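Before any comments, here is the structure.
Values in this text are rule-based calculations from the coordinates and carry no lab data. Keep in mind it's a predicted model, so treat the numbers as computed, not measured. Note: ideal-geometry Cβ built from the backbone for every residue, glycine included; neighbour counts use all protein chains shown.
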Amino acid sequence: MTQAKGYAAKTVKAALAPFTFERRAPRDQDVAIEIKYCGICHSDIHQARDEWGGSTFPMVPGHEIAGVVTAVGSKVTKFKVGDPVGVGCMVDSCRTCAHCEQGLEQYCLGGATFTYNSMERDGKTPTYGGYSDHVVVDESFVLHMPKNLPLDAAAPLLCAGITLYSPLMHWKAGPGKKVAILGLGGLGHMGVKIAKALGAEVTVLSHSARKEADAKNLGAHHFFATSDASTFETLKNHFDLIINTVSADIDWNQYLSLLKLDGSMVVVGVPEKPNAVSAFSIIAGRKNLSGSMIGGIQETQEMLDFCGKHNITCDIEIIPIQKVNEAYERVLKSDVRYRFVIDMASLR
Ligand code: NAP
Ligand code: ZN
Ligand code: ZN
């Protein structure tokens, strides 16, 4: 066991505060990682405030982890000391079910082991996330970071990047496809960059006009504010694909009306309340309403390699860990351009 330093929510809705805890000594298949940077995902806030139910405390959030390997177990073959590496939302899964065998560990039938707010495979050891100085992870769940990308701006690829890459690939965003990214936050801004690199025609739908210039700078071809009622007339029956990243309660029926025949709206944002969808919103136009959760380990590596090749990183604002509670408040106000990343040097 080694002692780890981090920041934790000790109880539900408590402000995050310094916390020390134990990490396991590396086993044969483990990689020990010094965490350099960790992104702040809106899911960290939802879980620290128990907005989805079932949260366990104390909670050390953080699943956009970028760091450097400091030690490897005797059976590790893919990593060596000094490698730049990443860890995303998962640190293990059953590895034997039909979904794990297809590389879809995020949909593990036995339940994946998430990076925090979860239990190890023994069912009783809590996992603690990336708002901490180091982490020990089985090599099968560790990713190679592209050497040409800075670790700080690449850290959020581990959740925001893969959560958009996976549905964009699955629903075949590419040349000739009209794709809308609904909500320009941490996830949304990665969606714009990746969809553009895939060759799609990209529109940003944002709840105010404030982010128009940013959307264009990020590479979007079009921008519409959803606070303007005429947007829903102009864009009726327009999109092949809408990726809905919104974390707040909005009326999905309105957005389904923007899909073409056979179009799909894929929900990745997780609002607190259930959404009421009318049957008419999907039967008229044979529309599809789907969801998607992060991506498997192999696909996450593919996404990192894709971002390395296309030089895609996140737009970030670096903070010391002491400012994490302030950062949470700013995320809730959509006042972040476009991801906070904690510089873990502030913890040492
Ligand atoms: P974020 O940076 O806070 O972005 C959310 C965006 O939603 C905001 O930037 C804003 O975009 C829009 N929004 C916020 N409040 C709104 C309101 N009242 N009305 C309309 N739009 C509003 O959060 P994020 O980290 O990208 O995460 C987004 C959601 O995805 C969260 O619920 C998170 O838990 C979830 N998530 C899901 C997965 C998955 O695997 N499915 C993975 C990671 C995160 P505009 O200002 O442009 O309107
Ligand atoms: Zn996340
Ligand atoms: Zn499984």
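Compute a Gaussian network model of the chain, connecting alpha carbons closer than 10 Å, and tell me which residue from Asp83, Asp28, Asp305 fluctuates the most.
Result for the chain, Cα springs under 10 Å: Asp28 fluctuates most.
Distance in nm between label sites at Asp228 and Lys323, each 7 Å beyond Cα in the beta-carbon direction?
3.3
What is the order of Met145, Met293, fewest Cβ neighbours within 10 Å to most?
Met293, Met145
If exposed means no more than 15 neighbouring beta carbons inside 10 Å and the site is in a DSSP loop, what's the longest run of the chain without any exposed GluC sites (Glu not before Pro)?
It works out to 121-271.
Given the Cα-Cα distance of Glu272 and Asn288 and 0.36 nm per residue of separation, how much length would full extension add, in nm?
Contour length minus the Cα-Cα distance gives 3.6 nm.
Please say if the chain is rounded, prolate or oblate, where rounded means a/c under 1.5 for a ≥ b ≥ c the square roots of the C-alpha gyration tensor eigenvalues, and otherwise the choice is prolate for a/b larger than b/c and oblate otherwise?
prolate
How do Val81, Val68, Val341, Val135 line up, fewest other C-beta atoms within 10 Å first?
By the 10 Å Cβ count, ascending: Val81, Val68, Val341, Val135.
Compute the angle between helix 186-197 and the longest alpha-carbon principal axis of the chain, please, reported from 0 to 90 degrees and rounded to the nearest 10.
Between helix and principal axis, roughly 70 degrees.
Helix 297-310 against the longest principal axis of the chain: what's the angle in degrees, Cα atoms only, rounded to the nearest 10?
The helix 297-310 is inclined about 70 degrees to the chain.
Consider a paramagnetic label point 7 Å from the Cα of Thr2 along Cα→Cβ; state which residues of segment 75-112 have an amide N under 13 Å from it.
Answer for segment 75-112: 81-82.
Taking the DSSP beta bridges in the chain as the whole, what percent of them are antiparallel, to the nearest 5?
Bridges in the chain that DSSP calls antiparallel: roughly 55 percent.
Mean residue ellipticity at 222 nm from the helices of the chain, using -39,500 (n - 2.57) per DSSP H segment of n ≥ 4 over the full residue count, to the nearest 500 deg cm²/dmol?
-6000 deg cm²/dmol
Select from Ala279, Ala48, Ala180 the residue whose mean-square fluctuation is largest in a Gaussian network model of the chain (Cα-Cα springs shorter than 10 Å).
Looking only at Ala279, Ala48, Ala180, the biggest GNM fluctuation is shown by Ala279.
In terms of the Cα gyration tensor, with a ≥ b ≥ c the square roots of its eigenvalues, is segment 1-134 rounded because a/c is under 1.5, prolate because a/b exceeds b/c, or oblate?
oblate
What ranking of Cys38, Cys108, Cys97, Cys159 emerges when the number of other C-beta atoms within 10 Å of each C-beta is taken as an exposure proxy, fewest first?
By the 10 Å Cβ count, ascending: Cys97, Cys108, Cys159, Cys38.
Normalising by the residue count of the chain, find the relative contact order in percent from Cα pairs under 8 Å and 6+ residues apart.
Relative contact order here is 18 percent.
Please give every one of the aspartates and glutamates within straight-line cross-link reach of Lys178, meaning a C-alpha to C-alpha distance under 14 Å, and leave out same-chain neighbours fewer than 8 residues apart.
Cα-Cα hits under 14 Å: Glu201, Asp240, Asp262.
Starting from the amide H of Leu259, placed 1.01 Å from N in the peptide plane, find each other amide H under 5 Å away whose residue is 5 or more places distant or on another chain.
Excluding prolines and chain starts, which carry no amide H, the hits are Asn237, His238, Phe239.
Calculate how steeply helix 160-170 sits against the longest principal axis of the alpha-carbon atoms of the chain, using the helix alpha-carbon long axis, and give the answer as 0 to 90 degrees to the nearest 10.
That works out to roughly 50 degrees.
Trypsin sites (Lys or Arg not before Pro) within segment 173-252: which are DSSP loop residues with at most 15 other Cβ atoms inside 10 Å?
Loop-located and lightly packed - Arg210, Lys236.
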